[in-house]
Each structure stands twice: as structure tokens, then as C-alpha cells.
Amino acid sequence: MSGPQITVLDQRAMAWLLTGLGLVILPHSFHLPIWISSVVLGLGLWRWQAARHNWPLPRSSLKFLLTFSLLVAIFAQFGTLVGRDSGTALLVIMMALKLLELRQRRDVMVLMFLAYFTLVTHFLYSQTIPIAAYVLTVAWLLLSLHMHLSSMEQRPVQNSLRSAGGLMLLGLPLMLALFVLFPRIQGPIWGLPKDAYAGMTGLDDSMSPGAISHLSQSNAVAFRVKFDSAAPPAAKRYWRGPVLWATDGRSWTAGPQLSALGRQPPHLANQDAPVSYTVTLEPHNRNWLFVLDLPATASEQGQISRDFQLTSSKKIRQRIKYQMVSLTEYNTGPLPEIERRLGLMLPPGKNPRTRELGQALRRNAGSESAIVQQALTMFRQLPFVYSLSPPLLDANHPSDQFLFETRTGFCEHFASSFTQLMRAAGIPARVVTGYQGGELNPIDDYYIVRQRDAHAWAEVWLTGQGWVRVDPTAAVAPERIERSIDTSLLDAGAAVRFNLPQSDLLTRAWQHLRLNLDAVNNRWNQWVLGYGPKQQRQFLENLGLDIRDWRKVAWVFIVIIGALFLIVIMFVLRPQHQTIDPALKTYQRFCGKLAKRGLARDDNETASDFAERVKQKRPELSQQIDHITTLYSQLRYAKSSSEKLLLQLKQQVLEFKP
């Protein structure tokens, strides 16, 4: 391998450049394939050794072969070169390959701008406060490095850091003004690639054994709720999601017949005061919105179906905020025939023992309500266990095996078996999935509902009452309704443990810190990430600006931005107080003494030329002039910071008497 020698950067500058690029790429190493991180690390190490030993750059043929091979490897890994993950991987690899051709200063500048662009891609994966702070810090370091490498003079790194920080502070008011005043549009300007939403978690539109128990091991926030008045008790905080009608005896889905129910919800007979609240829903890449119990009114973002689901026409791929009114006590009225048929369907030949038990309950009980109570009594009295790690069930008759053999399961096991049992007893029933409970954050008085609060329950239709919620899990583990699952104390196959009130000082301090951090994060979501057209309109109206009159807003925008630009320009162009080099200041004093004797130094005359001219006219001063000139040249041009040399120069100039 041979080629031109590396001359564009010295070892120290190359070390700073590689450090900056490493900080840019570092967060991507957690979600990109390990081989990509290894390739980038290998190229960076080679470039560092090349700078140390002045190795030649690779030939063009070798660089082409390496680039082509890595492109093929990325395509083989992701199946495409277009998308969030594949595009980020390609960008990171190209930035690392650029290290192999740093021949000119222009190549370094191209690499710096590529690093700026790569830094922005971190927001494709996360937009949290820590990531924003990290990106801002690395941007400051990159700008400092950029200024340091662009400077034709040797300057301390601290000066570059200070200058870059000053530039960013100057741009901060402009950034804030543009953020607040620039017209906001609904939705993003351009669409993100489909794989940008691949990592989102949430409830699916189907349910099978293990689906919700797996989700319940996550502490990720599903949504936050702010009640306009007192919140309902925990036993009534059921957050409704997908409603499942069809089953094959093991899994549950909405079923193809759901469209036959229509979109118009039935009338609700209000039996209690309505509850008003606001939900801030995290993106989950599904269409449904979560609401308390049964929604009384639809929101702007969704529609209510016949089975009281609130759904959006578009998948929830960004955080949204919606206001709702719900009822916790209600009567849904008569049952349409299509709902009755759907609510009684059972797969033929599946779970025969469950069918027999349901029919026996029907024969022995005097009413529908009595059937429900007898089934719940069975769950309470028999040794059922609520566990995140239940044994695997028979694929053909899972409900039979759960009710009569294992009796160990999570909420989906209880909801599924109870619903099939009710259908076997002739009572229309369906499964509802969603969340239950929520943790109060007293800092800002809102509730945090996490993925670990995912839950499944049943609804049965009773004459004179309509659809009634029945939670068989509460019969086995009533503490589940009052407390959330303690995911830190899970053992394989063990019963679920729940969060208990903590008396330990350290534990309470950590809890308080965690809630404070969530409150800060919630405000960040509301006022920064969620700053859309509605929030902008409210903010400007509070300032006395009518956003409907865009001419007025435009004038305010122009005046504010113009004033800020003027302030920045005045600050940049203001006279700078320059600190004179002590060696130069001392030498100027020496030149001043000679000027008083008619030996003034010309503006374009170097120190050595000036010394030679003075010595020709005053040969008796030659020794002193040579000594002063030598000391000055060492301090000024050899970049010597020796205090001893500076003291010698000052002493010689002080003693010099022409």
C-alpha cells in the first residue's frame, strides 16, 4: 500500500478530530450492529497510527474496494440502503471512510460538516432531554474543533472552546425567537422512514398467552393523564384500548365482523358525574387512543366505535394530547343482534371442559349475575396464582388446561378463560385490553401510566345493565388493582409482587427524584416537543397577538428577529480589547528607546533586519542588541513560554541605554 503522505493534520490535531468524531458516533453504537461499530473503531485506530507514523494513504483502488464491500454488507444487513437504521449506518460508515482521504484542509472541513449532519440523526432515535443535552454539548465541541482546525494560527484549545461557546450563546436568542414565533404547521414537514417507528412499544390488536405479561415487564411510559378535578379511585381507573371479539380458543382478535357494528356508539345512560381529563399519549405506532372506562364524547383526534373504542384514522407516530370526558358508572342499553352473535361465538372442538363448566353454571345459577358471581367465587377459592411466568399451555385446549390443571397465569389467561366460560354459559362476553391504575406524580398532579400497567379484563352483557366490566384478575390478586407490578423483584415462575409503600429514607429519596425527573420530562414534552399550532396560538394570544392576523404576527416576527440580528452584529463588530503579548510589549519599549535616538523601526522591518541596521550605526550596542533580539525571537516566534526568558528580556530592556 502506497500513496501520498499524510500532511494535513499533526498528531495532536488528529487526536482531537478522532475524539470529536467518536463522540458523534458513540450513541449510535447502542443500536447499530456491532460489526459496524467494529469497522468504525478499526478505521479510527488505523488513522491514528497513520498520523503518528506518517503512513501513506491507501490507493484509490483499495478505497473503492473497501467502500463497495461495506455498501454490500449494509444492504445484506438491512435489506435496503434507505431507512432510519440503514441510512444511519451508511452515514456512519461513510464518515469513517472519509478518514482515509484527508489530503487537504478541504477534506477536513467536509468531514466536519458530515459530523454535524450525523449528530442530528440521534434525534431519529430519541428526543429526550439527555439526548438533547448530549447533542448540544458535542455540537459545541465540534464547533470548537472546527474553529481550531480552521485557524491559520496556533491558538490554545481553550480559546477555541470559549469562542465557540460565545457564538452559540449569540445564536441562542435567535433560536428561541424562531422557535416561538415562526409559524408552526400541523405534522412534520417530511415523513420519516418506516423503520423509525420499529422500536415503539404498546398493546397490539390481538392477545395471546404471554403477550401482556411480556409488555408488563417494561417501565416505559405509555401515557400521562391530568384530571380536571379529583381523580377516580384506582378500582375505576381502567384505560380502555382494543376490544377483542374473535377467538380460536387461544388467541383473541377484533375479528373481521367488527366493521359490521358501525361507527356510531350507542347512547350511554349516565349514572354518575362525568370525568374530564387530558391525556398525553406516547407514540406507539397503532391507531387506538386510550380512554378512561367508557368515553362519553369523542376527541378531535379520534372516533368512538360501537364497542366504545377510541381510534384515530392515522397511526400514532408522534406524541399527541387530547381532552376527553368519560363515565365510570353507566348503562349501555339494549344489545344489538350482531353484538349478541359475536359475543357468544366459540371455536368448535376447542376447550370442551370449559364449555361443560359454563353450561353447568347456567343450569345451577338462577340469573346472569349469579353466573358471573359463581365464576368469580371459583377464581377466589381455588388455588389460582397470578404470575408473569406461567407454564406453557396446550395449543388445542389452553383454557381447559389453565382452569383445571396449571391455574397459574397473568391477566390475559384470566380474561380469556373467563370470557370463554361466560360465552359457554350463554352470556355475551368480550375481552378488553388496555391499562389499569397509574402512578400519581404529586409534583405536577398528574398520573403516569406505564407499560407495566398493561392489563386485560372481560366485559359481559347483563339484562338491564348493558355491558358490565368484570375483572377476574381482581378476584385472584386484588392488590393488582391498587398497586402496580414491582418489576425489580420478579423471579421466574414466581407469583407477581407489587409495589408497596416505602419507609426507607433512601428509597423515598430516589422515588422523589424519579418523580421530579418525570415532571421535568413531561414539561419538556408539553412545551418543547409538543409545541405545535395550538400551543403557539395560545402562547401568542397570551401575549396579546391574534394569530389569525398573520400580518400583525409577521411584523412582530420581523421586528424581533431584526432587533436580535442587529444586537448580534453590534456585539460581533464591537472593538475588541486585545491583550498584547508581554514579549512584544517589552520589545516595543526597546524600539521606543531607540526611536528617541533617531533610530525608529520601519513598519515592515523584521526584528533581525532592524537589529542589523542599528548595529551599523551604533556598533558599540551590538552585544546588547543581539541579546535582546535573540530573546525576543525565541519568545515571540519559537512559542517559548519560559518565564525565565521573559524576565531576562525585561531586565535587558530595562538596562538598555542607547
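Summary table
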read-out: Qualifying positions in region 602-653 - in a helix (DSSP H, G or I), under 55 Å from the mean Cα position of the chain (by Cα) and not basic (K, R); value: Q634, L635, Y637, E643, L646
read-out: Sole residue being in contact (Cβ under 8 Å) with a residue 24 or more places away in the chain, assigned to a helix (DSSP H, G or I) and in the same structural domain as L21 (by TED's automatic domain parsing), chosen from L111, L71; value: L111
read-out: Considering residues of region 85-109 that are among the charged types (D, E, K, R) and more than 20 Å from the chain's Cα centre (by Cα) only, the residue surrounded by the fewest Cβ atoms within 10 Å (Cβ to Cβ); value: R106
read-out: Where T80 falls short, out of the listed (1) assigned to a helix (DSSP H, G or I); (2) without any contact (Cβ under 8 Å) to a residue 40 or more places away in the chain; value: (1)
read-out: Residue within region 263-283 that is outside any strand (DSSP E or B), farther than 27 Å from F418 by Cα, of a type in the set (K, R) and modelled with pLDDT under 90 present; value: yes
read-out: Pairs, first of a type in the set (D, E) in region 292-316, second modelled with pLDDT of 85 or more and in a strand (DSSP E or B), C-beta under 6 Å, six or more apart; value: D293/Y238; D293/S326; D307/V243
read-out: Every residue from region 463-501 that is modelled with pLDDT of 90 or more, over 15 Å from R237 (Cβ atoms) and surrounded by 20 or more Cβ atoms within 10 Å (Cβ to Cβ); value: W467, V470, P472
read-out: Selection count where residues are over 30 Å from H512 (Cα atoms) and among the aromatic types (F, W, Y), scope region 411-455; value: 2
read-out: Sole exception among (1) at pLDDT 85 or above; (2) over 30 Å from S367 (Cβ atoms); (3) surrounded by 12 or more Cβ atoms within 10 Å (Cβ to Cβ) for Q526, by number; value: (1)
read-out: Matching residues in region 60-100 - criterion: being farther than 21 Å from H122 by Cβ and small (G, A, S); value: S60, S61, S69, A73, A76, G79
read-out: Qualifying residue in region 427-435 (condition: farther than 28 Å from P295 by Cβ, surrounded by 14 or more Cβ atoms within 10 Å (Cβ to Cβ) and at pLDDT 90 or above); value: no
read-out: Among (1) in contact with a helix residue (DSSP H, G or I) (Cβ under 8 Å, 6 or more places away or on another chain); (2) surrounded by fewer than 19 Cβ atoms within 10 Å (Cβ to Cβ) - the single one S38 does not satisfy; value: (1)
read-out: Close pairs (9 angstrom Cβ cut-off, 6 or more residues apart or separate chains): not assigned by TED's automatic domain parsing to the domain that holds G592 in region 604-632, at pLDDT below 90 anywhere; value: none
read-out: Hits in region 546-565 - residues which are modelled with pLDDT of 70 or more and either under 18 Å from L172 (Cβ atoms) or not charged (D, E, K, R) (or both); value: A554, W555, V556, F557, I558, V559, I560, I561, G562, A563, L564, F565
read-out: Count of residues meeting criterion [under 15 Å from the mean Cα position of the chain (by Cα) and either at pLDDT below 65 or part of a loop (DSSP other than H, G, I, E, B) (or both)] in region 196-221; value: 8
read-out: Residue selected from region 436-462 under the condition within 36 Å of the chain's Cα centre (by Cα) and among the β-branched types (V, I, T), by the criterion surrounded by the fewest Cβ atoms within 10 Å (Cβ to Cβ); value: I443
read-out: Members of region 390-404 that are surrounded by fewer than 16 Cβ atoms within 10 Å (Cβ to Cβ) and not aromatic (F, W, Y); value: P391, L392, D394, A395, N396
read-out: Residue within region 16-24 that is assigned to a helix (DSSP H, G or I), over 21 Å from V157 (Cβ atoms) and touching a Lys or Arg at 6+ places or on another chain (Cβ under 8 Å) present; value: no
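The values are calculated or read from the model by the stated rules, or taken from the named source; none is laboratory data. On a predicted model such as this, the values are computed, not experimentally measured, just so you know. Glycine also receives a Cβ, built like all others from the backbone with ideal geometry; neighbour counts cover every protein chain displayed.
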